[in-house]
Amino acid sequence: MIRLEDMDTKEELIKDFFTWLFDDIHIKDKSVSLHKEVDISLAPYYTDPNIYFPKQIANFFETRAMKRLGRISQLALANDIYPNIYHNRLEHSKGVYYRKLEEFLYNYQNLEWRKKIEKNNQKIYLLADLIKMAGHDIGHLPLSHLMEIEIFSYRGAHEDIGKRIMLEDQEIQTLLQKISPELPDVLRSLYENHIMNFREHDESSYDVDRLDYITRDFLYFGSPSYFPYTRYETIPVEVDSSGKPKEQEDNSIRVCDKSSYYIDVYDETSLEEIEDFLRLRLKGYEKIYSAPLVAAHEMTVSTFFHALKTHQSECSSNLQNLVTRFRRQGINNINLDEFLNWDDITLYSEILNIAEMHNDKNIRDLAAMTIPSMEAFLNLIYSHLQVNSKSNEKYTTTDLDFLRKIKHLIKSNSELSLALRDPSYTDNNIILFNNGIQIPKLKSSTCNSDNIFHSYQLHKKAYNQNEPIYIRDSTGKIFELSKHPQRKYNFNDLSINFECCFGYIPYLRLCGISEGEIENLRKSSTKLITCHPDNSATYKSQINMQPLKVGNNIEHNFLKINTEER
């Protein structure tokens, strides 16, 4: 079995795979022309760190809906805490596609697997799944989970609207039909049915999505980690009335050659690696995704929108109108063309307008708190707009308008500019109460006290047994991970638990809280420890992943951009 990490070039193997895959009666466009680009997350571990796309899938990444993901940050306001951590959802989407391709490439080297696929006419399902995973994040809004919760009230809304885009967007549908007239219906079937055990590797505790984002996010966090492809075999097992694999007295899974139910089982040598992956993902929630400091910054978004909604102003905005309209319409009725107009640039352009022009200073301050501090913000914009590789002619009119705003902000000493230049501005406007600390009663509030402070609870397990992982032991028996006799963790106990609540000073003022009471709240609150790399002993990045550094005069890079009308 060839290890992909060790190959001087993967191009020939990948070309062979797609030649085999497209040699099918269902595929109309059988030509194989590979495009490639370097994936920075592969560079430390692969002799050939390129991702390869056949032109059919390369064209999918060039659709309007997918290119938009290049202007949506992967980690939202975590960028404000760790400027090093910026990357976008298009980069991650390509990485997930490649993880899925690697899975197929390893299976492709098994002759029996190829024969089974051919016998069951399943090649088109492999192609559809590659495209489905490439587009798995296509429904994300700017600020990702923060905005989907704000508008649709539940985390995961991007999956539902993403399914609509993949199955309804005319550009994508036309592209699929050019590859195969049957491909749109096959793609739909993958969303609606459990086929070929794809779900176990696409949407589970140990899937291609998580394998990519854990590797990629920790690289940008400055602590590189890598988890190579782990081989598995598909095993028929006996199941109970609920469809769950039956266990024997020793907790091992009962194999049944005559069963029509299959599970995918990893080799015993994979146990330590899978456990380490689950432990690192939990650390990701502790340090990056749901760290209290990150949560404190991210919850400014809901506070800002709540303030905007409840304190109407003559300063109406496209952002207010959009949020109100999308809430009212719901996912099934949203106009997809309008949805696809929104990315981080359009969102921040609207927030900048509010932060500069709203007639209420408290709402202006809340708007400023939803924008990353200047260093992180400019790094984000630099990458989103590909400033280093574009001439004036390549920017849209909207981009040029936005860049003019940024240049004006850099040159000014306005209230907003000074706020963004202060890396502690948001932290200094947050009041944090940890577990067990009684929040003082407020006397002067004109708001419902339940809405003034935001409760935050983090209860996260390393492993979800409802998404089981099956691994052999050294004797060849199969166990669900939490019952594996050689595991090193007790997965019932391996978790993080944290409770706290946040208050935002501009919002307290907006609610009529007096300065005296705000000062008392400050005195009784928990100190918010900043995790910024420059002043924290708790975070040390091993590598710098920022596209620009302040020491290289990041602001100068923007001031020299020609933003004159073409």
A careful count of residues in segment 185-233 that are open to solvent by 60 Å² or more (accessible area, probe 1.4 Å) and outside any helix (DSSP H, G or I) gives 6
May I ask you to verify whether PRO44 is closer than 24 Å to LEU211 by Cβ and modelled with pLDDT under 95?
-> yes
Quick one: which of THR303, THR324 is free of Cβ contacts under 8 Å to residues at least 60 places away in the same chain, of a type outside the set (Lys, Arg) and part of a helix (DSSP H, G or I)?
-> THR324
Condition broken by ASP137, with the remaining ones in (1) under 23 Å from VAL323 (Cα atoms); (2) assigned to a helix (DSSP H, G or I) satisfied | (2)
Could you tell me which residue of segment 90-113 is nearest to SER73 (Cα to Cα), considering only residues that are aromatic (Phe, Trp, Tyr) and within 23 Å of the chain's Cα centre (by Cα)?
-> TYR97
Out of SER290, SER317, sole residue that is under 30 Å from ARG216 (Cα atoms) and surrounded by 14 or more Cβ atoms within 10 Å (Cβ to Cβ) = SER290
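When you look at ASN193, is it over 21 Å from ALA65 (Cα atoms), of a type outside the set (Ser, Thr, Tyr) and touching a residue at least 12 places away in the same chain (Cβ under 8 Å), yes or no? Explain how you work it out, then say what you get.
On the way: over 21 Å from ALA65 (Cα atoms): yes; of a type outside the set (Ser, Thr, Tyr): yes; touching a residue at least 12 places away in the same chain (Cβ under 8 Å): no.
No.
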Yes or no: ASP160 of a type outside the set (Gly, Ala, Ser), open to solvent by 10 Å² or more (accessible area, probe 1.4 Å), assigned to a helix (DSSP H, G or I) and touching a helix residue (DSSP H, G or I) at 6+ places or on another chain (Cβ under 9 Å)?
-> yes
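Checking the structure you have, find out if any residue of segment 443-456 is closer than 29 Å to LEU69 by Cβ, open to solvent by less than 70 Å² (accessible area, probe 1.4 Å) and modelled with pLDDT under 90.
Initial filter on segment 443-456 (closer than 29 Å to LEU69 by Cβ): 454, 456.
Imposing the further condition that a residue be open to solvent by less than 70 Å² (accessible area, probe 1.4 Å) reduces the set to 454, 456.
Checking which are modelled with pLDDT under 90 leaves us with 454, 456.
For segment 443-456, residues closer than 29 Å to LEU69 by Cβ, open to solvent by less than 70 Å² (accessible area, probe 1.4 Å) and modelled with pLDDT under 90: present.
Does segment 269-286 contain any residue that is among the β-branched types (Val, Ile, Thr) and open to solvent by 10 Å² or more (accessible area, probe 1.4 Å)? Spell out the reasoning first.
If we filter segment 269-286 for residues that are among the β-branched types (Val, Ile, Thr), which is where we start, we get 269, 274.
In the following step, the residues that additionally are open to solvent by 10 Å² or more (accessible area, probe 1.4 Å) were identified as 269.
Yes; the residues of segment 269-286 include at least one that is among the β-branched types (Val, Ile, Thr) and open to solvent by 10 Å² or more (accessible area, probe 1.4 Å).
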Note on ALA376: of the conditions (1) at pLDDT 85 or above; (2) touching a Leu at 6+ places or on another chain (Cβ under 8 Å); (3) surrounded by 14 or more Cβ atoms within 10 Å (Cβ to Cβ), unmet is (2)
So SER259 fits all but one of (1) without any contact (Cβ under 8 Å) to a residue 24 or more places away in the chain; (2) open to solvent by less than 30 Å² (accessible area, probe 1.4 Å); (3) outside any loop (DSSP other than H, G, I, E, B); what number is the exception?
-> (3)
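What do you reckon, is LYS123 touching a strand residue (DSSP E or B) at 6+ places or on another chain (Cβ under 7 Å) and at pLDDT 95 or above?
Criteria not met by LYS123.
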Within the group THR47, THR19, which residue is under 30 Å from TYR220 (Cβ atoms) and of a type outside the set (A, V, I, L, M)?
-> THR47
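Could you tell me which residue of segment 234-256 is surrounded by the most Cβ atoms within 10 Å (Cβ to Cβ), considering only residues that are in a loop (DSSP other than H, G, I, E, B) and within 32 Å of the chain's Cα centre (by Cα)?
Looking only at segment 234-256, we keep the residues that are in a loop (DSSP other than H, G, I, E, B), and these are 238, 240-244, 246, 248-251, 254, 256.
This time we only want the ones that are within 32 Å of the chain's Cα centre (by Cα), so: 243-244.
Working: GLY243: 7, LYS244: 12.
The extreme case among them is LYS244.
The values are calculated or read from the model by the stated rules, or taken from the named source; none is laboratory data. Just so it is clear, the model here is predicted, and its values are computed rather than measured. Counting neighbours? That spans all protein chains shown, and the Cβs are built from the backbone with ideal geometry, glycine included. When the accessible area is computed, the model is the full protein with side chains, heavy atoms only, and any ligands, DNA or RNA have been set aside. Shrake-Rupley method; radii C 1.70, N 1.55, O 1.52, S 1.80 Å.
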